[in-house]
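This report refers to the structure that appears directly beneath it.
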Ligand SMILES: *[C@@H]1O[C@H](CO)[C@@H](O)[C@H](O)[C@H]1NC(C)=O
Ligand SMILES: *[C@@H]1O[C@H](CO)[C@@H](O)[C@H](O)[C@H]1NC(C)=O
Ligand SMILES: *[C@@H]1O[C@H](CO)[C@@H](O)[C@H](O)[C@H]1NC(C)=O
């Protein structure tokens, strides 16, 4: 070879080496994934995560097209890397096995700050698990598909979650979470498959979601504040629920939640607030529901402070949770039951400052009814059924 040619090769090798080292892209395939939907890829994913997490740089973890079988896995922090992006082109599959005791979560991010997940499909393979529960079998604990625990600055874009064994997505004790373009799919009769469950979290934004599942579309638990939900379609399912709250005496409240431009299709509830009939210091305040369309919803607007399943563990039969400052604005559509609006509040802590503005709900083309117990508030604009506040 001529000396000049040699130099060219050497340069090329140096350049490509530099490129590889300097590149912030990591492929899970580098860690030995099989992506055949049958081999266990959990260990390879854990290794890929640890490598990304321990990096000094921002890292993009690439998950190419393919089917990756993953057993319950925790992606833990704190990480050295300030920003980890996971580009999911492939499908992540849970095990359908229900004979083994599983963890409570399938894919769990814990103590992670600065995370973005783009695209992808999570398949929780829940069918056998729901059947087992329906049959009252000894089915162990079922996993929630995607859990963020003690995480900060998280963004989830265009993710699809299907057939989760339990809840699809859980935000727990997390802060600064953005969920855009989420799709949730599970059958109407699948038990406990809430679309998104939020608790103990703040600064949460859920925009543009389509959630079809067997339980709550979005459920908002104790300690949630500063949350915004917009442009969401729910149904089938149980609707958007604040609660259940007040199961415990010392329980953080729910404050400053806005739900805007939401459509319900054939759900059991629309906008629900639900508390246990037990002593509690919990509260619900500064809640706004604005621009909501109900299509054949069983209980379009409902506050139920008398939750006491099987009449057990409710020694007082009166909820201590104080509900105040709840606005229902521009809520229209159809109810499949006569009572389209129910405010069944606590005798010891009546609901205060319930505001109705431009609410128009009908029942089979007839007038619907409203029912108030221990509820105070005001009505403005056209309100049908007529307010009972
Ligand atoms: C989500 O998907 C939509 C439609 O394919 C696309 O326009 C949008 O850019 C995606 N958003 C993100 C943040 O990736
Ligand atoms: C209420 O929450 C929104 C986010 O949904 C936030 O922008 C706003 O600042 C919060 N309001 C108060 C008074 O904290
Ligand atoms: C009422 O809500 C619907 C559905 O979100 C929306 O399309 C409409 O613009 C809203 N009307 C007003 C006056 O804000």
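Here, each number is a calculation from the coordinates, and none is a lab measurement. Since the structure is predicted, the reported quantities are computational estimates derived from the model, not experimental observations. Glycine gets a Cβ as well: all are built from the backbone with ideal geometry, and neighbour counts include every protein chain shown.
Give me the Kirkwood hydrodynamic radius of segment 120-263, using the inverse of the mean 1/r over all pairs of distinct Cα atoms, in Å to one decimal.
Every distinct Cα pair counted, the radius reaches 15.1 Å.
What FRET efficiency comes out for residue 376 versus residue 101 if R0 is 45 angstrom and r is the Cβ-Cβ distance? Round to the nearest 0.05.
0.40
Please report the relative contact order for the chain, taking Cα pairs under 8 Å with a sequence separation of at least 6, and give it as a percent rounded to a whole number.
Computed over the chain, the figure is 8 percent.
If r is the Cβ-Cβ distance from residue 207 to residue 34 and R0 is 41 Å, what FRET efficiency results, to the nearest 0.05?
Plugging the Cβ-Cβ distance into 1/(1 + (r/R0)^6) gives 0.70.
Note down the nm distance, to one decimal, between modelled labels 7 Å out along Cα→Cβ at residue 173 and at residue 295.
Roughly 4.1 nm, to one decimal.
Taking only Cα atoms and a 10 Å spring cutoff, compute GNM fluctuations for the chain and point out the largest among 132, 351, 372.
132
Over the Cα atoms of segment 25-203, compute the convex hull volume and normalise it per residue, giving Å³.
Looking at segment 25-203, the number lands at 100 Å³ per residue.
Arrange the following residues from fewest to most other Cβ atoms within 10 Å of their Cβ: 202, 280, 319.
202, 280, 319
With viscosity set to 0.692 mPa s at 37 °C, what whole-number translational diffusion coefficient in µm²/s follows for segment 59-158 from Stokes-Einstein and a Kirkwood radius over Cα pairs?
My calculation gives 225 µm²/s for D.
Can you give me the three principal axis dimensions of the chain from its C-alpha atoms, in Å, biggest first?
94, 46, 42
How far is it, in nm, from the label point at residue 352 to the one at residue 24 when both lie 7 Å from their Cα along the line to the Cβ?
Between residue 352 and residue 24, the simple spin-label model gives 5.0 nm.
Using a 10 angstrom cutoff on alpha carbons, build the Gaussian network for the chain and name the most mobile of 117, 220, 242.
Top of the fluctuation ranking is 117.
Per DSSP helix of 4 or more residues, -39500 (n - 2.57); summed, then divided by the residues of the chain. What does that give at 222 nm, rounded to the nearest 500?
The per-residue figure over the chain is -3500 deg cm²/dmol.
Tell me the Kirkwood hydrodynamic radius of segment 52-116 in angstroms, computed as one over the mean inverse distance between distinct C-alpha pairs.
One over the average 1/r among Cα pairs gives 13.1 Å for segment 52-116.
Return a whole-number percent for the relative contact order of segment 122-163, with Cα pairs under 8 Å and 6 or more residues apart as the contact set.
Relative contact order comes out at 69 percent.
Just to verify a number: FRET efficiency for residue 135 and residue 338, C-beta to C-beta distance, R0 = 41 Å, to 0.05?
Computed FRET efficiency for residue 135 and residue 338: 0.75.
Going out from 0 in 10 Å bins, what whole percent of all Cα-Cα distances in segment 349-389 drops into each bin?
For segment 349-389, the binned pair fractions read 31, 50, 18, 1 percent.
Report the paramagnetic label zone for residue 366: residues of segment 272-302 whose backbone N is under 20 Å from a point 7 Å from Cα along the Cα-to-Cβ axis.
295-301
How much length, in nm to one decimal, is gained on full extension between residue 384 and residue 50, taken as 0.36 nm per residue of separation minus their Cα-Cα distance?
114.6 nm
Once you have a ≥ b ≥ c as the square roots of the Cα gyration tensor eigenvalues for segment 118-169, tell me rounded if a/c is under 1.5, and otherwise prolate or oblate according to whether a/b is larger than b/c.
Oblate, because a/c is 1.5 or more while a/b does not exceed b/c.
Using alpha-carbon positions, what is the distance between the centroids of segment 251-293 and segment 337-383, in Å?
Each part reduced to its Cα centre gives a spacing of 14 Å.
Between 291, 137, 37, find the one with the highest GNM mean-square fluctuation for the chain; connect C-alpha pairs within less than 10 Å.
137
Taking every DSSP beta bridge with both residues inside segment 216-389, roughly what % is antiparallel (nearest 5)?
Percent antiparallel among DSSP bridges in segment 216-389 is about 5.
At q = 0.10, 0.14, 0.21 Å⁻¹, what log₁₀ I(q)/I(0) does segment 273-389 have when each alpha carbon counts as one equal point scatterer in the Debye sum?
Those come out to -0.29, -0.56, -1.10, one per q.
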